[in-house]
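Since every read-out is calculated from the coordinates, none of them should be taken as a lab result. Here the structure is a predicted model, which is why all the values come from computation and not from measurement. Positions of Cβ are generated from backbone atoms using ideal geometry, with glycine treated the same way; all protein chains shown enter the neighbour counts.
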Amino acid sequence: MDRLTELDPARLRRLQRVGTLSGFAAGAWLGAAEAPTKLVTLGIPPVVISFMMVLGVFLARWSLPALVRGTAAVRDDVRQAPHLIVWAALAGCLWAVANTLTIFAIKDIGLAIAFPLWNANSLLGILWGTLLFNELRDAGSARWLGVLGGAVLMFTGATLLAVASSAHAPGGNALRGVAAALAAGALWGTMYIPYRKAYLTGMHPLSFVAFFTIGELGMMTALALSFSGGLDPLWQELARSRDVLFWLLLAGFVWVVGDLFQQYAAKYVGISRGIPLSNTNQLWGLIWGVFVFGELKGGDPALYWRVVGGSLLMAVGAGAIALATAPGREHRRWQEAGARESARYGVDPAYVAAGMAGEDSRGTGRPTRRGPLDWLIVAGTSAVFVGFAAVARVPALALDWGWAAALLLALVAFLAAGGLALWRATRFG
């Protein structure tokens with residue numbers, strides 16, 4: 001691990017800037033991905049919504065790696081760190097359960113309120129990053145204060161939102177909605193342990209998410225069959241909802257774009273900082289919920305102040321955590337954690353070093369290889385989306401199209417800025 005010890009300070013600062021930008025881009029895209037879950041208000045069963053989102057996630061998590069790097073690169077990563085397949089599948093299982101819980105939360109307390117509650121996963125991200133992966137070790141008192149102070153602000157904001165939800169619950173069961181949102185946050189917070197293990201070991205984000213989705217789809221299929229009462233009832237529910245299934249597939253694809261940015265944030269600034277950054281999706285969820293879907297309309301002024309104030313407190317807390325960037329001495333602690341993972345699983349130290357430095361572990365300048373399998377995956381995914389789009393209709397939701405258009409433009413801007421920064425600094429490494 002000597003090469004990691006000698007990582008140039010300027011290089012480290014650049015990687016952290018890229019990680020920070022990736023976190024903000026993740027927030028925008030992850031926030032947008034939850035917007036189609038409002039279909040639950042039209043009577044679409046939550047299990048159908050979650051199942052179709054996970055199917056869209058599955059398609060995206062294999063087609064994007066095939067398009068950007070090729071499946072040959074994924075195989076190279078698996079040969080270096082095969083143990084991470086199990087960790088990725090486990091993380092996918094946790095994600096599927098958490099995502100299903102968010103649908104129930106949105107049904108009961110609305111998108112604007114549920115979003116910040118499940119973003120309590122930031123607190124777990126800080127805990128696991130510190131306890132298991134040497135994050136914040138030797139960071140200095142100012143950075144510790146930033147992280148802990150931010151955590152207190154986030155907890156206060158979540159409390160305000162929980163109080164607000166009890167006064168304005170669209171589904172009529174505020175307590176159940178709050179419980180579902182907090183349980184989803186706990187599962188997502190735990191899910192970040194495999195994330196960090198993967199990137200300390202040097203695995204590429206595009207490879208990790210490809211195997212992540214095996215656990216997602218397997219767990220979600222089991223949940224869907226269980227909730228629906230079997231294959232035939234599930235198929236009937238899907239058939240009844242066929243007019244809107246495309247939008248749910250699209251939501252899964254949007255989620256993957258956001259999650260990829262979140263993966264890069266976790267890789268380059270750690271989970272104790274990257275997860276709070278990506279949890280700026282709470283503000284995007286608030287904007288989508290209030291301005292596009294008209295949530296909280298007709299509420300008293302005190303309700304608005306609680307929701308807006310709670311969200312802003314959580315955002316300020318996340319910002320304080322994100323600004324507590326890792327100094328060189330803390331990064332050396334990360335390197336020690338990476339060396340530990342390398343020794344435990346027998347991974348080539350050079351592979352670990354290249355991954356942590358944002359370099360191509362296959363060798364600098366090695367061209368991307370795409371074969372027939374890659375193009376088959378991309379073509380198959382495209383055909384599925386086109387097929388569902390052909391029978392889709394615009395849902396009968398009350399929308400403010402002006403706000404929707406503005407938010408879509410913001411997504412494109414974040415995608416362009418984040419993608420360009422990652423390409424220049426790491427070639428998506």
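A few points about this structure:
- Taken about its Cα centre, the chain carries a charge dipole of about 740 debye when Lys and Arg each add +1 at the Cβ and Asp and Glu each add -1 at the Cβ.
- Across the chain, the longest run free of exposed loop sites, meaning trypsin sites (Lys or Arg not before Pro) lying outside DSSP classes H, G, I, E and B with no more than 10 other Cβ atoms within 10 Å, spans 1-296.
- Potential lengthening between Arg344 and Thr221 on full extension [0.36 nm per residue; Cα-Cα distance subtracted]: 41.0 nm
- Segment 52-126 shape via C-alpha gyration tensor axes, a/c threshold 1.5: prolate
- Phi-derived couplings, Karplus 6.51 cos²θ - 1.76 cosθ + 1.60 at θ = phi - 60°, listed residue by residue for segment 373-379: 4, 4, 5, 5, 4, 5, 5 Hz, with x used for Gly and Pro.
- For segment 290-320, the residues whose amide N sits under 17 Å from a probe point set 7 Å from the Cα of Thr156 along the beta carbon direction are 305-320.
- Two-site FRET efficiency, Ala405 against Trp144, from Cβ-Cβ distance with R₀ of 56 Å, rounded to 0.05: 0.85
- Largest-first principal axis extents of the Cα set of the chain (Å): 60, 53, 38
- Global geometry of segment 8-143, whether rounded, prolate or oblate, following the gyration tensor of its Cα atoms and the 1.5 cut on a/c: oblate
- Within straight-line reach of Lys267, meaning a Cα separation under 27 Å, sit the following lysines at least 8 residues removed in sequence or on another chain: Lys197.
- Short-range pairs are left out: with C-alpha atoms under 8 Å and at least six residues apart, the relative contact order of segment 2-426 is 36 percent.
- For segment 260-412: rounded, prolate or oblate by the Cα gyration tensor [a/c cutoff 1.5]: oblate
- Segment 382-429: Cα Rg divided by the 2.2 N^0.38 Å rule of thumb: 1.69
- Between Ala398 and Arg13, the contour length at 0.36 nm per residue exceeds the alpha carbon distance by 134.1 nm.
- Set of lysines near Lys38 by C-alpha distance (under 22 Å), chain-local residues within fewer than 8 positions excluded: Lys107, Lys297
- Put a dot 7 Å past the Cα of Asp232, heading toward its Cβ, do the same for Leu175, and the two dots end up 3.8 nm apart.
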